[in-house]
Every structure is written in structure tokens, then in C-alpha cells.
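Working notes for the structure below.
Quick note: the coordinates plus some simple rules give every number you see, no bench work behind them. Note that this is a predicted model, so its numbers are computed, not measured. Positions of Cβ are generated from backbone atoms using ideal geometry, with glycine treated the same way; all protein chains shown enter the neighbour counts.
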Amino acid sequence: MSYKIPMGPYHPALEEPYKLDLICEGETVSDAKLHIGFNFRGIEHLAESRNYIQVIALMERVCGICSNIHTLTLCQAMEKLTGLTPPPRAQYIRVVIAELERLHSHVLWAGIAAKLMGFKTMFMTCFELREKVMDILQAISGNRVNYSMNRIGGVNRDIEDPLAVLAMVEALEREMVRTVIPIFTTSTTAISRCAGIGVLTREKAVSCGAVGPVARASGLPQDLRRAAPYAAYAEMEFDVPVQQGGDVKARLLVRALEIMESCKILRQALTKMPPGELNAGESKVVFSTGTATSRVEAPRGEVMYSVSWKESSRNPSRVHVRTPTFANMPAIRYMVIGARLADTPLIQASIDPCYSCTDR
Amino acid sequence: MNAVDTPPKKEMYAALAKELGIVDPWIEQGGVHWLNPGALSVRDLAKGMNAVQARFVTITTTQMPGDTGFRLEYHWDLDGQLLGFPYLISGKSIESIYDLCEAVNWIERETHEGFALDFTGREYEPLLLRQGETPGVNLRDAVAVSDAVAVSEVKK
């Protein structure tokens with residue numbers, strides 16, 4: 001006999017505005033339906049009533065974790081419509097903030113995953129490390145969540161002492177190597193809760209259009225920083241971690257390895273940062289009529305902005321945002337089929353879902 | 001606006017356009033390689049994209065001024081390059097490609113619920129964006145923002 005267990009939109013095992021209707025046979029999930037939209041905000045529509053300064057502030061609020069990525073993608077699209085090119089130093093600063101944000105996001109996710117594994121000590125360790133990343137972001141931008149770093153044609157703030165930031169990054173890297181990564185990759189507690197569960201096959205990852213670490217954990221080597229470099233990524237040397245397992249363990253390993261690659265990129269960006277201006281210096285921004293698109297590899301995967309503008313208008317006529325969680329969430333259905341009910345909170349968390357992005 | 005001219009890419013794109021039966025040239029604009037699909041149906045486009053193992057990215061929908069229809073831009077990724085195929089529709093429906101491309105499911109549903117567009121040949125599951133029994137309401141018409149504070153600030 002099958003029965004339905006509704007999980008959400010607010011549930012002790014799913015503290016987010018999202019709902020999973022799980023169809024179970026005993027303790028085994030045989031099918032699932034996903035429901036989103038509980039906090040739909042209509043931000044794309046709101047953007048059409050904001051000018052080019054206001055729309056940056058608005059889009060920074062699409063996501064509470066990768067707020068910088070949204071303004072970066074938006075500004076890159078608007079730069080194509082205005083013809084403004086950020087100076088080299090600004091491109092490097094954009095890389096630094098984007099990678100710090102990836103570190104912040106991945107460590108935060110690791111903490112939440114540890115909590116769902118029943119590994120509370122690790123949860124506390126990860127959140128302590130996350131604080132250190134946020135301290136660096138605060139030292140650079142003055143903010144801990146919405147950094148307000150990007151503007152059309154460059155960035156708003158400089159990194160005045162890159163080597164001081166580098167010292168903070170290296171301290172963080174040492175702690176990652178010493179505790180987080182070994183525990184996540186060798187601890188019996190972590191591995192036994194992650195190995196072989198929530199499998200997303202390569203074929204399903206392709207058909208669902210999965211992106212980011214979810215896709216890379218299913219054997220798809222896609223990363224826009226490599227495939228279509230933006231900012232100063234073309235000048236950075238780094239590897240794109242790929243795992244073939246497709247399970248929660250593979251997604252955990254991909255993110256753990258990406259933390260190391262982010263540190264590698266940060267070291268290069270901070271030591272090679274060229275001197276110069278922070279932005280194109282235009283006092284008045286002039287848009288041409290048209291549509292411009294930009295894509296960026298956010299911590300959770302590909303973000304795409306499509307921005308349409310009419311010349312002499314102060315507001316965009318359309319801003320469309322495709323967030324990574326919107327692409328990855330439908331795959332949860334395939335991950336939970338055949339899983340034990342008790343594993344579903346960890347499985348759904350393994351895609352690092354962002355409901356704020358999804359209900360933009 | 002620049003015609004696509006990188007030699008290896010040019011050959012690849014020319015072969016793809018020929019495969020799709022399109023004679024118009026590719027146009028690079030605003031970070032996208034655009035191809036006018038002409039008479040090519042959106043379903044035949046999806047089959048062609050599947051054949052070259054392109055990855056579906058999204059559909060960007062824009063309501064045309066004066067309630068004259070919609071512009072739907074189908075975006076696919078091919079080897080890191082974003083491809084765009086614009087479809088102008090005067091009515092309120094277009095064929096669904098959900099049975100050909102699973103990844104399109106949520107954006108078709110979101111577009112249906114946000115613009116009242118019907119993607120024919122598919123069923124809609126419970127609403128994503130709205131509560132209630134009526135799917136397919138144009139939210140832009142239903143929730144006007146013309147009296148928003150920010151608008152008056154913009155006009156200053």
C-alpha cells in the first residue's frame with residue numbers, strides 16, 4: 001500500500017518554503033512531486049520599474065547567499081548594452097569577490113549537510129569557518145550579505161591591500177585542509193550517510209538540464225568559468241572537479257574540491273591583481289536599444305540574465321533571470337525515487353537549493 | 001551586431017543551421033548567437049538541438065507592446081556558447097516541447113502562469129507561482145506596478 005507524506009512548505013526536515021509530496025511504499029520513496037512558489041516575489045516584473053542604479057540593488061536581493069553573482073551577471077549584461085568595459089583591476093576584484101562568495105556558499109552548505117547527517121560538531125566547525133569568509137568579505141566591502149561591489153563598468157570598492165586578504169585566505173585554506181575536507185572525505189559518519197544515496201545518473205542530469213556542482217557530480221564537466229570565461233577567469237589556472245558517482249557523496253566531494261580550487265584562484269587573483277582604475281568612470285550611462293545576455297558560474301551553477309532596454313528609457317523593458325536552483329530542483333524527483341524516507345532531507349539539500357532564487 | 005566569423009565555430013554553426021534547414025545567417029549580438037528560425041517549428045528546433053546534444057537553458061518571454069503578442073527566446077547551450085532562437089507569436093499559444101526536452105518543464109509552467117501563454121500538448125501540474133484554481137493568469141496585467149514609489153522616483 002502506498003501513502004503520501006507531504007514534506008513542507010515548512011517542515012522540521014525542510015526549513016524552507018518548498019514542498020515535496022513523497023509517495024512511499026513502506027519506508028521507500030516510490031515517487032515525488034515538487035511544489036515551489038510559496039514566496040514568489042515577482043522581482044523580474046519589479047525590475048521593469050527600476051532605473052539602472054535601482055535595478056542593481058534590487059537584483060542583489062534575488063539571493064541571500066550569492067547576492068554578488070546576481071549583480072555581476074546583471075552588470076555584465078548591462079555593460080554589453082552600454083558599451084562600457086570594466087578596467088582590468090575591476091575584473092580581478094570581481095573574480096576575488098565571486099570566489100569568496102563560492103567559498104562562503106560551499107562552507108555554508110557543508111554545515112547544513114553536516115547538520116542533516118546528524119553530525120553537529122561538523123556543523124559548528126563549518127559555520128565557524130564561514131564566519132571567517134564573511135569577515136574577509138566584510139573587510140573588503142563593509143557588508144556581510146549584500147556587498148554592493150558591482151556597478152556598470154566596474155566595481156564600487158577597491159581591495160586596497162590584496163596581500164592582507166591573501167593571508168586571511170591562506171589561513172582559511174589551512175583550516176579547510178586540516179579539518180573540513182579530511183572529515184568530509186574520510187569520516188565514516190559522513191560517508192555512510194552519503195554514499196550511494198540520491199543518485200542522479202549522467203543521462204538524467206543531461207535530460208533535466210542540471211548545472212553546477214550537481215551536474216559535475218554526475219560526470220558532466222561543464223563550468224562557465226572554463227567554457228565561456230568572464231571577468232578575469234581566462235587568466236586563472238584551475239581545475240574543474242568532476243565526479244562520476246552522481247550520489248550525495250559525489251556532490252559533497254565536488255564542492256570540497258571546488259573549495260580548494262577557489263583558494264587556488266584567489267591566490268592567483270590577489271597576487272596578480274594589476275593596478276589601475278576601478279570602473280570605466282562614465283558619469284552618465286547611455287543604453288542602446290536591444291537585448292543582452294550574460295551567464296556566470298555561481299556557487300550553485302549557471303546563472304543567466306537577459307536584459308532588454310530601449311534607448312533613452314531609464315528602466316529596462318525586461319529582465320529575465322534563470323537561476324541554477326530553478327534548473328536543478330526538478331532533478332530531486334529522480335534522486336529520491338528508491339531512497340529511504342529518512343534520507344530525503346539530505347538528498348534534497350545535496351543540490352544546495354536556494355528557494356530565494358527559485359521564488360525570485 | 002556582428003556576423004559570426006570565427007572559422008572553426010563558423011563551420012560548426014553553418015552545419016547546424018543547414019541541419020535545421022535554416023538559410024538565414026547566425027548573428028552575434030549581446031552575448032548570444034541568434035538564428036532566426038523562420039518557419040522551423042519549435043518542436044523541430046528541439047529535435048535538432050537534441051541531435052547535437054545541446055543543453056536547454058531557458059525561455060525568455062516578453063510581452064509585445066499593445067497586446068500584440070509575445071516574443072519567446074529559446075536559449076540552448078552548445079559547447080559553452082549560448083544560442084538563441086526567437087519566436088514571435090501573435091496569439092496566446094505555442095507548441096510545448098516538454099515531451100522532447102524534460103528540462104523545459106518548469107519554465108513552460110512558469111511562463112504559462114506568468115503570461116497566460118498556453119503550451120499546447122501538455123498538462124499543467126499544480127500551480128507554481130499562484131494559489132487558487134485558475135492557471136494561466138497574466139501576472140503583468142493582474143499586478144500592475146504603475147503606482148509604485150520607485151516609478152515616481154524614476155520620473156523625477
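Worth pointing out:
- Radius of gyration and maximum dimension Dmax of the range A:181-307, Cα, Å: 18.3, 59
- Largest GNM mean-square fluctuation among A:VAL107, A:VAL29, A:VAL286, using chain A with Cα springs under 10 Å: A:VAL286.
- The count of lysine pairs in chain A whose Cα atoms are under 13 Å apart, excluding pairs fewer than 8 places apart on the same chain, comes to 4.
- Each Cα pair under 8 Å and six or more residues apart adds its separation to the average, and for the range A:2-359 the resulting relative contact order is 26 percent.
- Charge dipole of the range A:170-272 (Cα centre as origin; +1 on each Lys and Arg Cβ, -1 on each Asp and Glu Cβ, all else neutral): 200 debye, rounded to the nearest 20.
- In order along the range A:349-359, the phi-based Karplus estimate (6.51 cos²θ - 1.76 cosθ + 1.60, θ = phi - 60°) of 3J(HN,Hα) comes to 6, 5, 7, 6, x, 10, 6, 5, 5, 5, 8 Hz; Gly and Pro are listed as x.
- Cα-based helix-to-principal-axis angle, A:88-117 vs chain A, degrees rounded to 10: 20
- When the Cα gyration tensor is reduced to axis lengths a ≥ b ≥ c, the ratio a/c is 1.5 or higher for the range A:159-218, and with a/b not above b/c it is classed as oblate.
- Taking a Cβ cut-off of under 13 Å around B:PHE119, the surrounding Lys, Arg, Asp and Glu residues balance to a net charge of -4, with basic ones at +1 and acidic ones at -1.
- Residue among A:ALA113, A:ALA231, A:ALA13 with the largest mean-square fluctuation in a Gaussian network model of chain A, springs linking Cα atoms under 10 Å: A:ALA13
- Report summary: the helix-based calculation at 222 nm, which adds -39500 (n - 2.57) for every DSSP H run with n ≥ 4 and divides by the residues of chain A, gives -14000 deg cm²/dmol.
- Inter-chain shielding of A:72-84 (mean C-beta neighbours from other protein chains, 10 Å cut-off): 1
- Exercise: per-residue mean of other protein chain Cβ atoms within 10 Å, B:53-65: 5
- Local electrostatic count at B:PRO37 - Lys and Arg +1, Asp and Glu -1, tallied over other residues with Cβ under 10 Å: -2
- GluC sites (Glu not before Pro) restricted to DSSP loop in the range A:274-360 with at most 11 other C-beta within 10 Å: A:GLU311
- The range B:64-122: C-alpha gyration tensor shape, a/c 1.5 cut-off, then a/b vs b/c: oblate
- About the centre of its Cα atoms, the protein assembly as shown shows a dipole size close to 500 debye [charges on the beta carbon of Lys, Arg (+1) and Asp, Glu (-1) only; nearest 20 debye].
- Total formal charge among the other residues, if their Cβ is under 14 angstrom from that of A:GLU25, Lys/Arg +1 and Asp/Glu -1: 0
- Potential lengthening between A:LYS264 and A:THR28 on full extension [0.36 nm per residue; Cα-Cα distance subtracted]: 80.8 nm
- D (Stokes-Einstein, µm²/s), Kirkwood Cα radius, the range A:2-359, 1.306 mPa s at 10 °C: 76
- Straight Cα distances below 16 angstrom link B:LYS18 to the lysines B:LYS9, B:LYS10, B:LYS47, with same-chain residues fewer than 8 positions distant left out.
- Of the residues A:TYR305, A:TYR18, A:TYR92, the one that moves most in a GNM of chain A with alpha-carbon contacts below 10 Å is A:TYR18.
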